[in-house]
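Colleague: My structure is below; once you've seen it, I'll send some questions.
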Amino acid sequence: MMEGTKPDGKVCPYCKSDNIGIGYQLGNARIFADEYAVSASRDCSEVEYLICKNCGSILRAKVLKPEVFHPADTVRRDQLLDFIERHGILLCNENPDLPSLSGLGYEEENLIQLVDLHEVFYCMIYKKRSTFLSRKAYDLLKRCKVFPPMDADSKKVYDALRSAGKAEKDVLKASLDMDKKVFERSFRFLLENLYITAFARGKRLNPNWYTYLYSTAETWEKEAGGLYFSGNVRAALEDLLCTAGGVSEKEFRKMVG
């Protein structure tokens, strides 16, 4: 126990003593920002206590780094979801073409919550960049997209992921007897063509980034649910992605195939 100077105006409400000490809870007793933060030491904080030195009562506890903790409300998450649903598409990184997560002022934590809830579909269909589609955009796109067939390597990766149910990319790679470059190429092909997606968060890497647990699109759909739609699917998708989302006609044609 480390002692400090007596805080002004602090009196123990139990024994009325003004002999107050200060102590710190360190090491394994730190408070972590979330259940995944144990893998990133920056996402935690020591706890400081004010303690009555007369009777031993703990008068107050506070973390020393409150900035590492996430908001308890879901307002920002819901605002981001509203944007994605209205525009159909959002890119992860800043670019000159479409709105991005960072460009709109949102944080990775806002997005990862939507991934956990299966409210967005992660892929690399737009210019081979990290792309998030609304559930409606994904559902319309899969109905009118021309899907290129998987080659033998892509099929091997796909079948392994389908068998696993959900897996981190590195874990999936380690389970397969494949050349690393071949695996990476096959994995990107599956993401670029909506065969697989991010199912939920994996390990927390730093305050702003996570790994993903991946699954097949079929596994994701079972949790996300389908869209009941009647009418011209391609026209509805074009209206969502081009008119509302800002995707060019040229890129739209590439996405549909």
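The values are calculated or read from the model by the stated rules, or taken from the named source; none is laboratory data. Please read these numbers as outputs of a predicted model, since none were measured by experiment. Don't worry about glycine lacking a Cβ; one is built from the backbone with ideal geometry, like all the others, and counts go over all protein chains shown. With ligands, DNA and RNA removed, areas are computed over all heavy atoms of the protein, side chains included. Shrake-Rupley method; radii C 1.70, N 1.55, O 1.52, S 1.80 Å.
Colleague: Residue check: is Asp170 farther than 24 Å from Lys250 by Cβ and free of Cβ contacts under 8 Å to residues at least 24 places away in the same chain?
Modeller: So Asp170 fails the test.
Colleague: Go through region 181-200 and give me each residue that's part of a helix (DSSP H, G or I), among the aliphatic types (A, V, I, L, M) and open to solvent by less than 10 Å² (accessible area, probe 1.4 Å).
Modeller: Leu190, Leu191
Colleague: Just to check your reading of the model, which residue among Phe32, Phe83 is of a type in the set (Phe, Trp, Tyr) and at pLDDT 70 or above?
Modeller: Phe83
Colleague: Something else: Could you check region 208-220 and list, in sequence order, the residues that are closer than 25 Å to Glu109 by Cβ, of a type outside the set (Phe, Trp, Tyr) and either at pLDDT below 95 or assigned to a helix (DSSP H, G or I) (or both)?
Modeller: Scanning region 208-220 gives Asn208, Thr211, Ala217, Thr219.
Colleague: A further question on this structure: Restricting to region 226-257, and then to whatever is under 20 Å from Leu80 (Cα atoms) and among the small types (Gly, Ala, Ser), can you tell me which residue is least open to solvent (accessible area, probe 1.4 Å)?
Modeller: Gly245
Matching residues to (1) in a helix (DSSP H, G or I); (2) within 29 Å of Arg77 (Cα to Cα):
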| site | (1), (2) |
| --- | --- |
| Tyr122 | no, yes |
| Ile125 | no, yes |
| Arg143 | yes, yes |
| Pro148 | no, no |
| Lys155 | yes, no |
| Ala160 | yes, no |
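Colleague: A follow-up question, please. Looking at Leu90, Leu98, can you tell me which residue is in contact with a Pro (Cβ under 9 Å, 6 or more places away or on another chain), of a type outside the set (Val, Ile, Thr) and not in a helix (DSSP H, G or I)? Walk me through it before giving the result.
Modeller: Details: Leu98 fails: in contact with a Pro (Cβ under 9 Å, 6 or more places away or on another chain).
Of Leu90, Leu98, the one residue that is in contact with a Pro (Cβ under 9 Å, 6 or more places away or on another chain), of a type outside the set (Val, Ile, Thr) and not in a helix (DSSP H, G or I) is Leu90.
Colleague: A further question on this structure: Name the pairs: first residue in region 148-164 and farther than 9 Å from Ser186 by Cβ and at pLDDT 95 or above, second residue of a type in the set (Val, Ile, Thr) and not in a helix (DSSP H, G or I), Cβ to Cβ under 7 Å, at least 6 apart or on different chains?
Modeller: Pairs found: Leu161/Ile196; Leu161/Thr216; Arg162/Thr216.
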